[in-house]
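The values are calculated or read from the model by the stated rules, or taken from the named source; none is laboratory data. All figures in this text were calculated on a predicted structure; none of them were measured in a lab. Cβ coordinates were reconstructed from backbone atoms using ideal geometry, including for glycine residues, and neighbour counts include every protein chain displayed. Each accessible area value is taken on the protein alone, full model and side chains, heavy atoms only, with ligands, DNA and RNA left out. Shrake-Rupley method; radii C 1.70, N 1.55, O 1.52, S 1.80 Å.
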Amino acid sequence: MVPAVPALRRALISLPRTPPSPPPSSPPRQILRLHSFSPTPHEEPCDPQNSSATLLRRAAALLNSAAQPSHLSQIHAILLSSGILRCSPSLAAKLFLSAADLGLIHQARHLLDEIPGPSVPLWNAAIRLHSRHGAFVDALLIYDKMLHQGVVPDGLTLPPVLKACGGLPTPTVGRAVHAHILRRGFETDLFVQNGLVAMYAKSGWIPCARAVFDRLSDRNVVSWTSIISGCAQNGFPLEALQIFARMQSSSDVRPDFIAIVSVLKAYMDIEDLDQGSSVHGLVIKLGLDDEPDLVITLTAMYAKCGQVHTARSLFDQVPSPALILWNAMISGYAKNGFASEAVELFREMIARHTKPDSVTIRSAILACAQLGSLEVGKWIEDYTGHSPFKDDIFVKTSLIDMYAKCGSIARAHRVFECISNKDVVVWSAIIMGYGLHGRGREAIHLFEEMKCAGVRPNDVTFVGVLSACNHAGLVDEGWKYFCSMRDYGIEPRHQHYACVVDLLARAGHLEKAYEFVRSMPMEPEVTVWGALLNACKIYGHVGLGQYAAEQIFALEPLNAGHYIQLSNIYASAGMWSDVAKVRVLMKEKGVTKAIGCSLIEINGKLHSFRVGDKLHPRSKEIFEMLSELERKLKKSGFVPHMGSVLHDLSMEEKEESLCNHSERIAIAFGLISTAPGTTLRIMKNLRACVNCHSATKLISKLVGREIVVRDINRFHHFKDGLCSCGDYW
DNA sequence: CTAGGGTTAG
């Protein structure tokens, strides 16, 4: 009789129970003939002994053939109601093992309680079953009960117990079990020792995991893998790789595919593709390149490191990809700017009748957000609504983000409203969305509402609020919120500082902004100097602009936008020789201006235009519309803002007339290809230029259309001659 | 009869 360790008991009492999953509700497919079990009148009704024996025999025979959960449930129910289960522990045990084999946790649990004194293998099976299915607390409670009944665990009891401990947030229980193990002498049991290493590793207690590992006299591939993956998963990728190197040099343990997967994870984390590829070589040498799980990890690694083409070639070699392989490829595309490839692959997946999970759907939604296409966005929401993930809060949050980025804040809000338990990320997403659309007041209102609802803002929420204030020119509010961050114990990051600099500078408080930059506790990065430079352009402040530009050139010498900003500052001040100098500087450094490009979506298809683009099949009509627009603009007294011509640094581009800017062509195309009154949605890769911005305002009025333009930073909603940004961008 | 790994993150 061994008493339960008090520490283990104490630790267990404090644990929350895992909420039980509902028992399977699907009705039995095939109804067993119930009456054949129950004692029937013609079968010696007056002799319960005899009929019980018959029943037992029949039940045992049926149990041997009961491969389906529904059959098992029925047998269970019948035996239970007849009270016979209590008379025959061996039958109960048999029934229990069948239930365990079928993964029927609830029934197995119920049956275990029916068995008077379960044997050690039975206890082991029960613990293993719960541990495998993630019911860790239950697994431990069963273990506790076992100890309490004075049953002595064997070598097979502890591995699943340790696995359950490793699944808990802290290794408190694990340590108690460890103490147990020490007292009982499982020092030479490799399974138990490996379990300890994995338990500490999973809980993030790497030094403890290492201590156990280092004391092992005998190590197999599982011991090595446990410690390697422990390091890789807890932010010590370099240690993981060192240990792998040691494994190869100082042991004759041959890595198997699971070991390699763990190693690749470490390379993935440090994004060391060169080393990662060399492991790919090792995989081939070991003859493991056909291992499906390794193909998944390799694909994920290449995809995550931006080598989407290499990833795709691996993907294409798999005849029927598993769900997570689809996920790795689709998310790889989405994260690396291959949005249309991601959406296309998602469609292919559906066409091939592979059911996506919430990870797939989230990746697909992310791709839609990047694509900016409202049509594709609506399609994916529709798809999501018919999927089992329609109520998933992660999915809904990505939908909010997606609609905001596709230009429909109304749709984003609709999704937002329908979420019952809004967490901080949901609120942050909608606040960010309103900010993106220049609706700062509403963003602030939502922020206050969120606080009233008792949701605590985090650093991301503050980025949202600050950028919302910024886009709407709400200087005082923005400053107030920035100062309130510390009340919430949030230390402002660089991004928050950048927002404030932009906020102050754009509103004309250049000196204040500069002072603020100097007071920053970290080195200002490009975004901060860029905000200053931009404001200097707006307010014609040459000196500070020059200084900011110098800082930027040192940090990011190859981005043409900064040179153009500086050049524009000089041009506005009439400093033509300095304009020329900037041009020379650009040439010396080999910086070329990004070519403006606008996209417009018509009937779900994207059309792209560049400056002066004549490549479109309907080019002739487009240019007729362009001249008509220009006529209308002139007639209503529109004067082009000549400053915008100065954007173009090369002589060739200077010759381009302003009305050839790409967004104007996209608008013209939109007008000739849609019904009157249809909203036009345009995306461009640069910031809106001053001239196009005022022209578009007027055009929206002249043609009676709402025009939504997503530029590189934000949205502009043009309507009735006005823009939602209030000319503040 | 036991053990180690993999997609993702608004």
Of (1) in a loop (DSSP other than H, G, I, E, B); (2) touching a Ser or Thr at 6+ places or on another chain (Cβ under 9 Å); (3) buried (at least 16 other Cβ atoms within 10 Å of the Cβ), A:V591 satisfies all except one. Which?
(2)
Only residues that are touching a strand residue (DSSP E or B) at 6+ places or on another chain (Cβ under 8 Å) and open to solvent by less than 60 Å² (accessible area, probe 1.4 Å): list them for the stretch A:372-401, please.
A:G372, A:S373, A:L374
Among the residues of the stretch A:231-283, count how many are within 16 Å of A:A201 (Cβ to Cβ) and small (G, A, S).
6
Residue pairs, Cβ under 8 Å, 6 or more apart or interchain, first in the stretch A:471-491 and within 17 Å of A:I431 (Cα to Cα), second surrounded by 13 or more Cβ atoms within 10 Å (Cβ to Cβ) and hydroxyl-bearing (S, T, Y). List them.
A:H471/A:Y728; A:A472/A:Y728; A:G473/A:Y728
Quick one: is A:M247 part of a helix (DSSP H, G or I), out of contact with any Gly (no Cβ under 9 Å at 6 or more places or on another chain) and closer than 30 Å to A:L374 by Cα?
no
Odd one out for A:S226, checked against (1) within 7 Å of DNA strand B (Cβ to nearest atom); (2) under 25 Å from A:K335 (Cα atoms); (3) among the small types (G, A, S):
(2)
Kindly list the number of the only condition in (1) surrounded by fewer than 23 Cβ atoms within 10 Å (Cβ to Cβ); (2) within 14 Å of DNA strand B (Cβ to nearest atom) that fails for A:V151.
(2)
Look at the stretch A:291-308 and say how many of its residues are within 11 Å of DNA strand B (Cβ to nearest atom), in a loop (DSSP other than H, G, I, E, B) and closer than 12 Å to A:G332 by Cα.
1
In this structure, is A:L216 open to solvent by less than 10 Å² (accessible area, probe 1.4 Å) and aliphatic (A, V, I, L, M)?
no
Given A:S340, A:S331, A:S363, which one is within 29 Å of A:I707 (Cα to Cα) and crowded, with 21+ Cβ neighbours inside 10 Å?
A:S363
Name the pairs: first residue in the stretch A:114-135 and under 18 Å from A:H148 (Cα atoms), second residue more than 11 Å from DNA strand B (Cβ to nearest atom) and among the aromatic types (F, W, Y), Cβ to Cβ under 8 Å, at least 6 apart or on different chains?
A:I115/A:F96; A:L122/A:F96; A:W123/A:Y143; A:A125/A:F96; A:A126/A:F96; A:I127/A:Y143
Please indicate, with yes or no, whether at least one residue in the stretch A:393-401 is basic (K, R), within 10 Å of DNA strand B (Cβ to nearest atom), under 12 Å from the mean Cα position of the chain (by Cα) and in a helix (DSSP H, G or I).
no
For the stretch A:155-177, which positions are open to solvent by 50 Å² or more (accessible area, probe 1.4 Å), more than 11 Å from DNA strand B (Cβ to nearest atom) and not in a loop (DSSP other than H, G, I, E, B)?
A:T172, A:R175
State whether the residues of the stretch A:425-432 include one that is in a loop (DSSP other than H, G, I, E, B) and open to solvent by less than 30 Å² (accessible area, probe 1.4 Å).
no
Output the residues belonging to the stretch A:254-290 that are open to solvent by 50 Å² or more (accessible area, probe 1.4 Å) and either near DNA strand B (Cβ under 10 Å from one of its atoms) or part of a helix (DSSP H, G or I) (or both).
A:R254, A:D256, A:F257, A:I258, A:K265, A:D269, A:D274, A:Q275, A:S278, A:I284, A:K285
List, please: which pairs have Cβ atoms under 7 Å, are six or more places apart or on different chains, and start with a residue in the stretch A:187-198 that is open to solvent by 30 Å² or more (accessible area, probe 1.4 Å) and end with one that is assigned to a loop (DSSP other than H, G, I, E, B)?
A:D189/A:G155; A:L190/A:D218; A:L190/A:N220; A:F191/A:G155
Look through A:I672, A:I712 and report the one residue that is in contact (Cβ under 8 Å) with a residue 12 or more places away in the chain, surrounded by fewer than 21 Cβ atoms within 10 Å (Cβ to Cβ) and part of a loop (DSSP other than H, G, I, E, B).
A:I712
Could you go through the stretch A:312-319 and let me know if any residue there is of a type in the set (A, V, I, L, M) and more than 8 Å from DNA strand B (Cβ to nearest atom).
yes
Reported set for the stretch A:129-139 where residues are within 14 Å of DNA strand B (Cβ to nearest atom) and either hydrophobic (A, V, I, L, M, F, W, C) or crowded, with 20+ Cβ neighbours inside 10 Å (or both) is A:L129, A:H130, A:S131, A:A135, A:F136, A:A139
Going through the stretch A:344-360 in order, the residues found to be within 15 Å of DNA strand B (Cβ to nearest atom) and surrounded by fewer than 20 Cβ atoms within 10 Å (Cβ to Cβ) are A:T354, A:K355, A:D357, A:S358, A:V359
Here is a list of conditions, (1) more than 26 Å from A:E271 (Cβ to Cβ); (2) in a helix (DSSP H, G or I); (3) touching a helix residue (DSSP H, G or I) at 6+ places or on another chain (Cβ under 7 Å), and A:L241 meets all of them except one; can you say which number that is?
(1)
